[in-house]
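Okay, structure first, notes after.
The values are calculated or read from the model by the stated rules, or taken from the named source; none is laboratory data. None of these values were measured; they are calculated from a predicted model. Glycine also receives a Cβ, built like all others from the backbone with ideal geometry; neighbour counts cover every protein chain displayed.
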Amino acid sequence: MFKKKRNILALSLLLLISLATTTASLWLPLSPAYIDPSQRLLSPSETYWFGTDDFGRDLFGRTIVAARVSLLVGVVVSLVSTVLGTIVGLVSGYYKKADFILMRIIDGMLAFPALLLALSLVAALGGSITNIIIALTFAFFPVMTRIVRSAVLQINHLQYIEAAKTTGASDIVILLRYMLPNVLSPIIVQGTFIFAKAILAEAALSFLGVGVNPSIPTWGNMLQESQIYVTIAPWFSIFPGIAIVITVLTLNILGDGIRDAFDPHSTNRKKKRFLRRRNQDVTLNGGS
Amino acid sequence: MLQYTIRRFISVIPVMFIVSVIVFLLVHLTPGNPAYLILGEDSSQESIKQLEQQLGLDKPIVVQFFDWIKNILTGDLGQSIYSSEPVTQVIFDRFGPTFSLMLLSLIFILVISIPIAIFVVAMRKTILDPIFLTISLLGVSIPEFWFAILLVLAFGVTFPIFPVAGYAPIAEGVFSWLYYLILPAFVLAAVEVGLIARMLRDGMLESINQDYTRTVRAKGVRESTVLMKHVFANALIPTTTVVGTAVAGLLGGTVIIETLFTIPGIGQLLIDSIYRRDYPVIQGVVLIISAIYVLINLLVDLLYAFLDPRIRYD
């Protein structure tokens, strides 16, 4: 996975973004919350790298600080939906009776387009960071459940599971020691994609005005504010958007990279194996 | 086929039941008294009581639930608090724009992604393939509302060719209908194109290494014919499921795009109703969108089974 340059690049970029936003107060030259009406909607300059917003606040600082909410929502939603989805998926793949009921519920949840489910849950619960995390978890964990369940069903009848059962291992031991490690790779891949999707969804909710409180800088909130100034201050809309794209893209590249690294059928490996075999043939045939 | 169709239809019942339970619970998830929340802080005790009665909130929750199910089955989704019209009527009035938008987007998706996928597969051994993969990854990483803002900037400001807001019903002429819809439909489609083209490409690459493809090649058939007639035709079957996925993306995306381009469709109705705390309409919209989604997936599954008989004997 770390043999590919783009995976390393993506990971370093993600770490850089996390580091930059958590330590922002230490190194940002201008306070992202400082309001200066005389400096409103200025185009990018040496002082204001990304320009200023409608309150004269520094957009570079705000774009950096806004990453906090996105990363927080992304990390928590992907972790919680991964844990929840894994537990429900393992149980439902292993216990036939539980499977029937659990899968009907999961199917019902999957019958909503994810963004719509999140949107209506936030509308009911009210827009705070905690509620957005809850809503997005409910929108994304059913897919994880489905993936874990189908992975469990694939290995359920294999001999080593049978062997573990014969030795008298308890269900919990079988699930955690024999099943979980063998279904881990699709879980990690999906977890990374949920991270990316959660960031996009949080931005969409804030943009629609039902997300995080407008006073908190988030990329979605900034884009929402910028919308009416798009013709006179395009930089206000452009930079937060680029920030979203870069963050989500790094996550998607990482997810793809992890999948390729785990997947024995990945095209890259096949190509390599093929080349190796051809080289062997050549040596066997005396280099003809 | 008939047996499969019946089985598939029956499987929709529990799904829709769970959907209606979740939608029912939406109102009860609100912190505190929903009637109080809808009417605001200055409302009198009497008006709260009255609204509670109108919404049936004064009854025990089990009774409310059975009333709700009974009403859905008779096609009654309640009354809008904002306009006092029946919810079904409110939603029906907004159906045209959403349907037009989604139809045009779907056409865009197919017209753009199919040629791209074929071209990329034909050029699979060149540098084009990794470039395509990167672009398609970029495609799924761009938030549609930001892409829309960029297009508004490009078309509304720099090259004012297309209108960036509004909607004209098809009754006022096909041309103006198209004229207003092109930009929003394109944005809605663009986000999905990367994903769909990628899936099509993967499907085609799968069948390009099959024995039957090799046989056709061995017969001396031209490479373009091999690609179009054998590889693409076989890749189309799994692609029908992709359309189901695309529709899910469109149904979610239409909420954002309609709000952005001020198209008076179901998505905008949903956002407006959230601002107005018009819970019966929110519930109605969510229920109907999910029902449409389930129905489309059902049709896709049936089509899939029709095209590929192996599926029927699962």
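Does at least one position in the range A:194-201 carry a residue that is among the charged types (D, E, K, R) and over 30 Å from A:Ser18 (Cα atoms)? Checked the range A:194-201: no residue is among the charged types (D, E, K, R) and over 30 Å from A:Ser18 (Cα atoms).
Kindly evaluate A:Gly220 against the criterion of being in a helix (DSSP H, G or I), touching an Asp or Glu at 6+ places or on another chain (Cβ under 7 Å) and either within 9 Å of another protein chain (Cβ to nearest Cβ) or at pLDDT below 85 (or both). Full working, then the answer.
Working: in a helix (DSSP H, G or I): yes; touching an Asp or Glu at 6+ places or on another chain (Cβ under 7 Å): yes; either within 9 Å of another protein chain (Cβ to nearest Cβ) or at pLDDT below 85 (or both): yes.
It is true that A:Gly220 is in a helix (DSSP H, G or I), touching an Asp or Glu at 6+ places or on another chain (Cβ under 7 Å) and either within 9 Å of another protein chain (Cβ to nearest Cβ) or at pLDDT below 85 (or both).
Residues of the range B:277-289 that are facing chain A (nearest Cβ under 8 Å) and over 18 Å from A:Leu125 (Cβ atoms): B:Ile289 alone. Answer yes or no: is there a residue in the range B:7-15 that is surrounded by 15 or more Cβ atoms within 10 Å (Cβ to Cβ) and of a type in the set (Phe, Trp, Tyr). The answer is no, given that none of the residues of the range B:7-15 is surrounded by 15 or more Cβ atoms within 10 Å (Cβ to Cβ) and of a type in the set (Phe, Trp, Tyr).
Screening A:Leu84 on (1) buried (at least 19 other Cβ atoms within 10 Å of the Cβ); (2) assigned to a helix (DSSP H, G or I) shows it passes everything except condition (1).
Of the residues A:Ile174, A:Ile134, the single one that is over 30 Å from A:Ser237 (Cα atoms) and part of a helix (DSSP H, G or I) is A:Ile174.
For (1) crowded, with 24+ Cβ neighbours inside 10 Å; (2) modelled with pLDDT under 90; (3) over 25 Å from A:Arg62 (Cα atoms), each residue gets a yes or a no:
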position	(1), (2), (3)
A:Val152	no, no, yes
A:His157	no, yes, yes
A:Ala164	no, yes, yes
A:Ser170	no, yes, yes
A:Val189	no, no, yes
A:Leu205	yes, no, no
A:Ser215	no, yes, no
A:Phe236	yes, yes, no
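Scanning the range B:25-48 for residues that are in a helix (DSSP H, G or I), of a type outside the set (A, V, I, L, M, F, W, C) and touching a residue at least 12 places away in the same chain (Cβ under 8 Å), we see that the one that is surrounded by the fewest Cβ atoms within 10 Å (Cβ to Cβ) is B:His28. Among the residues of the range B:120-138, is any closer than 17 Å to A:Pro240 by Cα and either within 10 Å of chain A (Cβ to nearest Cβ) or surrounded by 19 or more Cβ atoms within 10 Å (Cβ to Cβ) (or both)? Yes, there is a match, as at least one residue in the range B:120-138 is closer than 17 Å to A:Pro240 by Cα and either within 10 Å of chain A (Cβ to nearest Cβ) or surrounded by 19 or more Cβ atoms within 10 Å (Cβ to Cβ) (or both). Checking each residue of the range A:114-122 against the condition of being more than 14 Å from B:Ile289 (Cβ to Cβ) and not in a helix (DSSP H, G or I) gives no match.
Output yes when any residue across the range A:34-49 is surrounded by fewer than 15 Cβ atoms within 10 Å (Cβ to Cβ), without any contact (Cβ under 8 Å) to a residue 24 or more places away in the chain and β-branched (Val, Ile, Thr), and no when none is.
We begin by selecting, within the range A:34-49, every residue surrounded by fewer than 15 Cβ atoms within 10 Å (Cβ to Cβ); these are A:34-38, A:43, A:45-47.
Filter again for without any contact (Cβ under 8 Å) to a residue 24 or more places away in the chain, leaving A:35-38, A:45-47.
Among the residues that remain, those that are also β-branched (Val, Ile, Thr) are: A:35, A:47.
Checking the range A:34-49: at least one residue is surrounded by fewer than 15 Cβ atoms within 10 Å (Cβ to Cβ), without any contact (Cβ under 8 Å) to a residue 24 or more places away in the chain and β-branched (Val, Ile, Thr).
May I ask you to say which residue of B:Ile271, B:Ile292, B:Ile296 is within 20 Å of A:Ala124 (Cα to Cα) and in a helix (DSSP H, G or I)? Talk me through it step by step, then tell me what you get.
Numbers: B:Ile292 fails: within 20 Å of A:Ala124 (Cα to Cα); B:Ile296 fails: within 20 Å of A:Ala124 (Cα to Cα).
The match here is B:Ile271.
Considering only the range B:187-197, I want to know if a residue exists there that is within 14 Å of another protein chain (Cβ to nearest Cβ) and within 17 Å of A:Ser120 (Cα to Cα). No, the range B:187-197 contains no residue that is within 14 Å of another protein chain (Cβ to nearest Cβ) and within 17 Å of A:Ser120 (Cα to Cα).
Restricting to the range B:217-253, what's the tally of residues that are more than 25 Å from the chain's Cα centre (by Cα), of a type in the set (Val, Ile, Thr) and surrounded by fewer than 17 Cβ atoms within 10 Å (Cβ to Cβ)?
The first filter runs over the range B:217-253 and keeps only residues more than 25 Å from the chain's Cα centre (by Cα), leaving B:217-234.
If we keep only those that are of a type in the set (Val, Ile, Thr) too, we end up with B:221, B:225-226, B:231.
If we keep only those that are surrounded by fewer than 17 Cβ atoms within 10 Å (Cβ to Cβ) too, we end up with B:221, B:225.
Count: 2.
Pairing residues of the range B:240-260 that are within 11 Å of chain A (Cβ to nearest Cβ) with residues that are surrounded by fewer than 20 Cβ atoms within 10 Å (Cβ to Cβ) and not in a helix (DSSP H, G or I), at Cβ distances under 8 Å and at least 6 apart in sequence or on separate chains, gives B:Glu258/B:Pro264.
Among the numbered conditions (1) in contact with a helix residue (DSSP H, G or I) (Cβ under 9 Å, 6 or more places away or on another chain); (2) more than 10 Å from chain B (Cβ to nearest Cβ), the only one that A:Asp36 does not meet is (1).
When restricted to residues that are under 13 Å from A:Pro186 (Cα atoms) and without any contact (Cβ under 8 Å) to a residue 12 or more places away in the chain, the range A:141-167 contains 1. Taking every residue in the range B:9-24 that is more than 7 Å from every other protein chain (Cβ to nearest Cβ) and pairing it with any residue that is of a type in the set (Phe, Trp, Tyr) and crowded, with 20+ Cβ neighbours inside 10 Å, at least 6 positions away or on another chain, the pairs with Cβ-Cβ distances below 6 Å are B:Phe24/B:Trp68. Among all positions in the range A:93-103, there is at least one residue which is without any contact (Cβ under 8 Å) to a residue 60 or more places away in the chain, within 14 Å of chain B (Cβ to nearest Cβ) and within 23 Å of B:Leu251 (Cβ to Cβ). Note on the range B:52-68: residues that are surrounded by 13 or more Cβ atoms within 10 Å (Cβ to Cβ) and either outside any loop (DSSP other than H, G, I, E, B) or modelled with pLDDT of 85 or more (or both) amount to 7.
Of the set (1) crowded, with 20+ Cβ neighbours inside 10 Å; (2) at pLDDT below 90; (3) among the hydroxyl-bearing types (Ser, Thr, Tyr), all apply to B:Ser84 but (1).
May I ask you to verify whether B:Phe155 is among the aromatic types (Phe, Trp, Tyr), over 18 Å from the mean Cα position of the chain (by Cα) and surrounded by fewer than 18 Cβ atoms within 10 Å (Cβ to Cβ)? Break it down into steps so the answer makes sense when it comes.
Working: among the aromatic types (Phe, Trp, Tyr): yes; over 18 Å from the mean Cα position of the chain (by Cα): yes; surrounded by fewer than 18 Cβ atoms within 10 Å (Cβ to Cβ): yes.
Yes; evaluated as a whole, the condition is true for this residue.
Please count how many residues of the range A:196-217 are part of a helix (DSSP H, G or I) and within 12 Å of another protein chain (Cβ to nearest Cβ).
Quick first cut of the range A:196-217, residues part of a helix (DSSP H, G or I) only: A:196-207.
Subsequent filtering for residues that are within 12 Å of another protein chain (Cβ to nearest Cβ) retains A:196-197, A:199-207.
Qualifying residue count for the region: 11.
For the range A:13-27, the candidate set comprises residues that are in a helix (DSSP H, G or I) and of a type outside the set (A, V, I, L, M); within that set, the residue that is surrounded by the fewest Cβ atoms within 10 Å (Cβ to Cβ) is A:Trp27.
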